[in-house]
Amino acid sequence: MDPSSRESLSDAEMKLSTHREEVETVIDSLAVEGSIRFTQMPDSDKGLLWIFKYGTIRVYVAITGETDDDTLTVWAPVLKMPATPEKEGDLYRFLLERNWLETWESRFCIRNDEVVLLSMRTLDSIDPGEISRAITIVATLADEYDESLLEQFGGQAP
């Protein structure tokens, strides 16, 4: 056997699973049973989206494709924006202060008039532990902050 073909075989054997399979395995281990929905991302021929419940929190996980340059994005809605604009400034300040040291690898963002927690990174060298950590951090912090933000700033539950 040609040594270069042995090397190729070893490389192929080392690729035990795809990024999609890793994400699905992690989600299966974390999601409330029966809550997982899966779809193709809108406006994408390669992007994949999972939506599921982690405790009481709705979590979204997307990958833009299967290459190392593609991204994993995890987000969870926390609060629909307050109806009163006078509370928005205080809310923004609160969220930015929490982003400084309290959200680990995630951060608060505004998306479609909702406060969400977000974590994003490339798929390069990602492993199931990192996928699990991203999902767990986002979901746990969303659960920690959802009721207190609603009480303090108004708005609606997502």
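Structure notes:
- Leading residue by the ranking (farthest from I126 (Cα to Cα)) among those in segment 31-89 that are buried (at least 19 other Cβ atoms within 10 Å of the Cβ) and touching a Pro at 6+ places or on another chain (Cβ under 8 Å): L79
- Residue in segment 132-139 that is among the small types (G, A, S) and without any contact (Cβ under 8 Å) to a residue 24 or more places away in the chain present: no
- One residue from E144, E151, E86, E97 being at pLDDT 95 or above and over 25 Å from V23 (Cα atoms): E97
- Scanning segment 119-149 for residues that are open to solvent by less than 30 Å² (accessible area, probe 1.4 Å) and either over 16 Å from I57 (Cα atoms) or assigned to a strand (DSSP E or B) (or both) yields a total of 4.
- Of the residues making up segment 73-118, those that are farther than 20 Å from I27 by Cβ and part of a loop (DSSP other than H, G, I, E, B) number 8.
- Matching residues in segment 31-56 - criterion: being more than 12 Å from the chain's Cα centre (by Cα), within 21 Å of C109 (Cα to Cα) and in contact (Cβ under 8 Å) with a residue 24 or more places away in the chain: T56
The values are calculated or read from the model by the stated rules, or taken from the named source; none is laboratory data. In this text, all values refer to a predicted model and were calculated from it rather than measured experimentally. Positions of Cβ are generated from backbone atoms using ideal geometry, with glycine treated the same way; all protein chains shown enter the neighbour counts. Side chains included, ligands, DNA and RNA excluded: accessible areas come from the protein's heavy atoms. Shrake-Rupley method; radii C 1.70, N 1.55, O 1.52, S 1.80 Å.
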